[in-house]
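What follows is a set of notes on a single structure, which appears directly below.
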Amino acid sequence: MLDKNLVKDILDEALSFGVDFAEVFAENSEGLTIRLVDGKVKEIDEGRIYGVGIRVFKDLFQAYAYTNIINRDSLLEAARKVAQAADCRDTSFVKAIDLVDLEIENKHKIIRAPETVKKVEKIGLIRRISESTYASNKLIFSADIKYLDKQRQILVANSEGVWAEDTQYRTRVFGAAMAQSGARVESATHSIGALSGFELYDDFDEKAFAEEMARKAVIKLSAEDCPSGKMPVIINNSFGGVIFHEACGHALEATAVAKGVSVFSNKLGQKIASDVVSAVDDATIPNAWGSTNIDDEGVKTQRKQLIKNGILKSYMIDKFNSRRMNMAANGTGKRQSYKFIPTSRMSNTFIEAGNSSFDDILLSTEKGLFAKTMSGGSVNPATGDFNFSVDEGYIIEKGKIKQPVKGAKLIGNCAEILQKIDMVGNNLELACGMCGSSSGSIPVTVGQPTIRVSEITVGGQK
C-alpha cells in the first residue's frame, strides 16, 4: 500500500524530534452490507476506507495522527506534527532500523473471496433465510436480515524494524425476527460470522438458522415475569459467554490493568476464580470471527491462557501499555480503523470446557434460573460490578426446565461470580459479536460451555 522507502522516511522524520518509537499504520478496506426487510431489499451499502495513521511514543507519552491524503508531503507533515506533540527536550536523532518483512503463517484460508461472488447470490442467501423465518411459525410478522462482508488490507511498520502486512476477509449474516400474539410483540436475533470467504455458507443450514430465530421470538410471547432474589443460575453455552467477555474480559485488558483501575490489577499468580474455571483468549483459531494473523500493531497473534484452574495467568497487553507494565505485548493491539489509536482488546475469548454434562448441571439444580441466551449489559472494570439482561430465560424446578420468564437481569461482581462458578459443562460453543471500546468497534468471539453460578442476584419481579 505504501512504498517501503517512503515509510522509512516517515519514521525517521518522527524520530528526528526526539521520540523513542514511531509507527505507521495503513489500511485499505472495502465492505458491503445488504439488508432485506420483510422480503424486500431495503439497503445495499458499499464503502471503502483508505488512510494512514502515525503514532509516536516518548517514555509513557503517546500521540497519534491520521490522514486520508496519501502523498509524501502530507504524510511527512503528519509525522512532524504528531512527534512535536511529544514536546521532547532531548531531540537526539536515532534513525529507524531497516524494515524487515515479518514472516506470517496464514492460518485462515480463503476459498471464495466475497468480492468474487455476485450480489444476486448474496441476496438469494438472505432471501431464503427470510422466507424460512416466516414459514417456521405463523406468529412471525416481520423479518430483518442483513448480509455483511469486508476485505481489510493492513500494513504496520515501526522504528523497531517491523514491516507486517495482512489481508483479512470477514463475512456475517445477522437476523432479527418479530412475533405477535394479540397486543404482545416480541423479537429475537441470531447470527453467524467468520474470518472467512463466502464458503462459510456452503454447508450453512438456512432453515435451521431461521427456525431458531423464530423459535426464540415466539417462546418469549408466553414468558411470565421473572421472580427476583438470590438463586443459582445456569448460563447456557455459546453467546452466554458474553457475560465473561464483558464482566471479566475487559478487566483483563491492559487498557485498565496498566493504570491500576481494574479489579484484577496486580493479581498475576493469584487465585481469582474457582478451581473449575479456565479461560483463554486465542486469536489463532482458524477462520474464527475474532481471529487474525497479526494484530493492528504488527505483532503476531497468539493463544493466551488468561485463567488456569482459577489462577490468573496473563493479561491482554498492547505495545503502549507494555511499557507501563514492563511486560511484552502479546498480539492484542486492535483498532476499528486507521482513525483510531490501538489498545488492548479481546479476540476469541472463552471459558474452556469442563467435565460436567448439561444434564448433570441441570439435575443438580433444585431451583433457580436457566439463562438460555443473554442480551446486553454494562460493567465497571474498576469495581467489577455488572448488570446483564437475560434474553431467553426459564425457571428451574427440581432439576427440570419449566416456564419461560421475561425481564430477568443478572446483577453481581465479576470477582465474586468467578469464585461462585461451581460447575462447568463439556459443551463448549463459540458465537460472534461486535465489541466497542476506546479503539472503536471490532469483531470478537465470545463463548463458553454451560456453567452454573451457585448464587447470583436476579433482578425481576417480586
Two decimals is fine: what's Rg over Rh for the range 225-459, C-alpha atoms, Kirkwood radius as Rh? 0.97
Tell me the relative contact order for the range 225-459 as a rounded percent, counting alpha carbon contacts under 8 Å between residues six or more apart. 31 percent
Cα-centre dipole for the range 225-459 with unit charges at Cβ (Lys and Arg positive, Asp and Glu negative), debye to 20: 540 debye
Sequence-distant residues sharing a close amide H with residue 423 (under 5 Å, placed H): 452
Count of lysine pairs, the range 365-462, Cα-Cα under 19 Å, sep. 8 or more residues or interchain, comes to 17
Dipole check, the chain, charges on Cβ (K,R +1; D,E -1), about Cα centroid: among 287, 190, 62 the Cα furthest to the positive pole belongs to 190
Gain in length, residue 167 to residue 326, computed as 0.36 nm per residue apart minus the alpha-carbon separation, to one decimal in nm? 54.2 nm
Check the straight Cα-Cα distances from residue 42 and name the lysines below 20 Å, setting aside those fewer than 8 residues away within the same chain. 118, 119, 122, 146, 150
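Suppose the chain between residue 33 and residue 121 were pulled fully straight at 0.36 nm per residue; how much longer would it get relative to their current alpha carbon spacing? Show your work: numbers first, answer last.
Values: separation 88, 0.36 × 88 = 31.68 nm, distance 1.34 nm.
Residue separation times 0.36 nm, minus the Cα-Cα distance, leaves 30.3 nm.
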For the range 25-36, Karplus-derived ³J(HN,Hα) couplings (6.51, -1.76, 1.60; θ = phi - 60°; whole Hz; x for glycine and proline) come out as 10, 10, 9, 9, 10, 10, x, 9, 10, 10, 10, 10
One finds, for residue 366 and residue 266 with R0 = 56 angstrom and r their Cβ-Cβ distance, a FRET efficiency to the nearest 0.05 of 0.90
Vicinal HN-Hα couplings computed from phi for the range 402-416 (Karplus, 6.51 cos²θ - 1.76 cosθ + 1.60; Hz; Gly/Pro x): 10, 5, x, 10, 10, x, 7, 10, 9, 10, x, 10, 4, 5, 6
What ³J(HN,Hα) values, in whole Hz, does the Karplus curve 6.51 cos²θ - 1.76 cosθ + 1.60 give for the range 245-257 when θ = phi - 60°, with x put for Gly and Pro? 4, 6, 6, 10, x, 4, 6, 9, 7, 4, 3, 9, 4
Residue farthest toward the positive end of the dipole of the chain, with Cβ of Lys/Arg at +1 and Asp/Glu at -1: which of 414, 388, 24? 388
Under 17 Å from residue 220, Cα to Cα: aspartates and glutamates that are on another chain or at least 8 residues apart: 186, 211, 212, 391, 392
Given 0.36 nm per residue, what is the gain on full extension from residue 138 to residue 9 after removing their alpha carbon distance, in nm? 40.0 nm
Roughly what would the spin-label model give for residue 42 and residue 378, points 7 Å off Cα along C-beta, in nm? 2.7 nm
Can you give me the distance in nm between label points at residue 180 and residue 305, each placed 7 Å from the Cα along the Cα-to-Cβ direction? 5.5 nm
Do the sum for the chain: with -39,500 (n - 2.57) for every DSSP H run of n ≥ 4, divided by all residues, what is the mean residue ellipticity at 222 nm, to the nearest 500 deg cm²/dmol? -5000 deg cm²/dmol
Evaluate the charge dipole of the chain about its Cα centre and quote only its size in Debye, nearest 20, assuming +1 on the Cβ of each Lys and Arg and -1 on the Cβ of each Asp and Glu. 1020 debye
Select from 123, 135, 151 the residue farthest towards the positive end of the dipole of the range 103-153; place +1 on Cβ of Lys and Arg, -1 on Cβ of Asp and Glu, and compute about the Cα centre. 135
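Show me 231-239, 158-166 ranked by packing, highest mean number of other Cβ atoms within 10 Å first.
Working: 231-239: 23.8, 158-166: 19.0.
Going from most to least packed, we get 231-239, 158-166.
Would you work out the relative contact order for the chain, in percent, from Cα pairs under 8 angstrom that are 6 or more residues apart? Each step should come with its number before you reach the end.
On the way: 1278 pairs, mean separation 74.0, N = 462.
After rounding, I find 16 percent.
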Restrict the search to the range 1-106; then list the trypsin sites (Lys or Arg not before Pro) that DSSP places in a loop and that have at most 12 other Cβ atoms within 10 Å of their Cβ. 89, 95
Compute the distance in nm between two label points, each set 7 Å from the Cα along the Cα-to-Cβ direction, one at residue 73 and one at residue 109. 4.9 nm
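Each reported figure results from applying straightforward, stated rules to the coordinates on display, with no laboratory input. Nothing here was measured: the structure is a model prediction, and the numbers come from that model. Note: ideal-geometry Cβ built from the backbone for every residue, glycine included; neighbour counts use all protein chains shown.
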